[in-house]
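Structure first, commentary second.
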Amino acid sequence: MSRPFVKMNGLGNDFVVVEARSEPFRPTPEKVRAICDRNTGEGCDQLIAIERSDHGAYMRVWNADGGQVETCGNALRCVGWLLMQASGLDEAEIDTAGGMTRAFSAGERRVSVDMGEPRLAWTDIPLAEEMDTRGIELQIGPVDDPVLHTPGAVSMGNPHVVFFADREFDDAFVRGSGSLLEHHPLFPEGVNVGFARVLSPDRIRLRVWERGAGLTRACGTGACAALVAASRKGLTGRRAVLELDGGELEVEWREDGHVWMTGPVEVERTGTLNL
């Protein structure tokens, strides 16, 4: 059996997207890993299926490790663009395991997504114990002299912690620290780990270790979480440009509580999966 796909990316965070509204698509974890493998498969950070929903479309997301996750911000832009291209409309509703979202055309191959309200209670992240999510009790490095500490915790439909520092960290540090914290006992569902440097009140440099995918060129929900965490700490305003390895995202935490993310999408190629 074979299934056609579209290979897309948002700021280098790449996806294999499969249409599954007319025929179910439920690959095993082993098959997901095979598809995502960059040496022997199609190669991507996440595998995406567009399924039927009472609200238009449902986006199912598998990470490269084979596990399903709640949502993916960059994939929402890509799927939103595909749905708008198919409908001829300037907006699309996309349901996810992390909640309902809406995508809007923002120019030539640019999409804005209403990501909804961030979830800030410790039970919503979720954490294993009660803490102030503006700065949770977590650190990297020696107890008496940590390299990083008290990150902000935010759920954007998926769990994030964001550390803030006055310098940028290299690949080795992000990989080492991120892989250790991804499955820390404090996070019963795992966690995405952000390393942020506030450059100005409206600009943040961000690198992300993505749960189940590793060091990624961009993480849309991570960018949203970083802006919310920075704003809650008083480090930025409620709107900023997020500089990621793959490019820039515009993120705004509006007064109504909703977080909006705007950025580009790219279609790389089409192909067929041999299942």
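Can you pull out the GluC sites (Glu not before Pro) in segment 71-115 whose DSSP state is coil and whose Cβ has at most 11 other Cβ atoms within 10 Å?
Values: sites: 91, 93, 108; in loops: 108.
For GluC sites (Glu not before Pro) across segment 71-115 that sit outside H, G, I, E and B with at most 11 neighbouring Cβ atoms in 10 Å, the list reads 108.
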* Relative to the longest principal axis of the C-alpha atoms of the chain, give the angle of the C-alpha long axis of helix 171-182, reported between 0 and 90° and rounded to the nearest 10°. => 90 degrees
* Relative pair counts by distance (%), Cα atoms of segment 116-275, 5 Å bins -> 2, 10, 19, 23, 20, 14, 6, 3, 2, 1, 0
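Please compute the per residue accessible area over segment 1-124 with all protein chains in place, 1.4 Å probe, rounded to a whole number of Å².
Working: 5400 Å² over 124 residues.
So segment 1-124 comes to 44 Å² accessible per residue, rounded to a whole number.
Over segment 190-246, what is the mean sequence separation of C-alpha contacts under 8 Å (at least six apart), divided by residue count, expressed as relative contact order in percent?
Numbers: 97 pairs, mean separation 21.8, N = 57.
After rounding, I find 38 percent.
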* Give the Debye-formula value of log10 I(q)/I(0) at each listed q (0.15, 0.17, 0.20, 0.21 Å⁻¹), with one equal scatterer per alpha carbon of segment 40-175, two decimals each. => -0.89, -1.03, -1.17, -1.21
* Cα-projected label distance for residue 215 with residue 254, points at 7 Å along beta-carbon direction, nm -> 3.6 nm
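Where does each of 45-56, 246-257 land if you order them by average Cβ count within 10 Å, highest first?
Details: 45-56: 19.0, 246-257: 16.7.
The most tightly packed comes first, giving 45-56, 246-257.
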* **Within a Gaussian network of the chain (alpha carbon springs, distance under 10 Å), most fluctuating of 201, 126, 146** => 146
* Asked: Taking springs between alpha-carbon atoms closer than 10 angstrom, which of 220, 190, 73 fluctuates most in the Gaussian network model of the chain?
  -> 190
* How much length, in nm to one decimal, is gained on full extension between residue 139 and residue 86, taken as 0.36 nm per residue of separation minus their Cα-Cα distance? -> 14.4 nm
* How far is it, in nm, from the label point at residue 40 to the one at residue 268 when both lie 7 Å from their Cα along the line to the Cβ? -> 1.9 nm
* **Cα gyration tensor of segment 222-275 - equivalent ellipsoid semi-axes, whole Å, descending** => 31, 12, 10
* How far apart, in nm, are the 7 Å Cα→Cβ label points at residue 52 and residue 100? -> 1.9 nm
* To do: Find how many whole Å separate the alpha carbon centroid of segment 110-133 from the alpha carbon centroid of segment 192-232.
  => 14 Å
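Dividing the alpha-carbon radius of gyration of segment 164-228 by 2.2 N^0.38 Å (N being the number of residues), what value is obtained? Mind showing how you got there, number by number?
Values: Rg = 11.6 Å, N = 65, 2.2 N^0.38 = 10.7 Å.
Its radius of gyration relative to the 2.2 N^0.38 Å reference: 1.08.
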* **Longest to shortest principal axis, alpha-carbon extents of segment 96-167, angstrom** => 50, 30, 15
* From the phi of every residue in segment 67-79, what ³J(HN,Hα) in whole Hz does the Karplus formula 6.51 cos²θ - 1.76 cosθ + 1.60 yield, where θ is phi - 60° and glycine or proline is x? -> x, 7, 10, 5, 6, 7, x, 5, 5, 4, 5, 5, 5
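The values are calculated or read from the model by the stated rules, or taken from the named source; none is laboratory data. It should be emphasised that the depicted structure is a prediction, and the values quoted were computed from it without experimental measurement. Virtual Cβ from ideal backbone geometry, glycine too; neighbours counted across all protein chains shown. Calculation scope for accessible area: heavy atoms of the full protein, side chains included, ligands and nucleic acids excluded. Shrake-Rupley method; radii C 1.70, N 1.55, O 1.52, S 1.80 Å.
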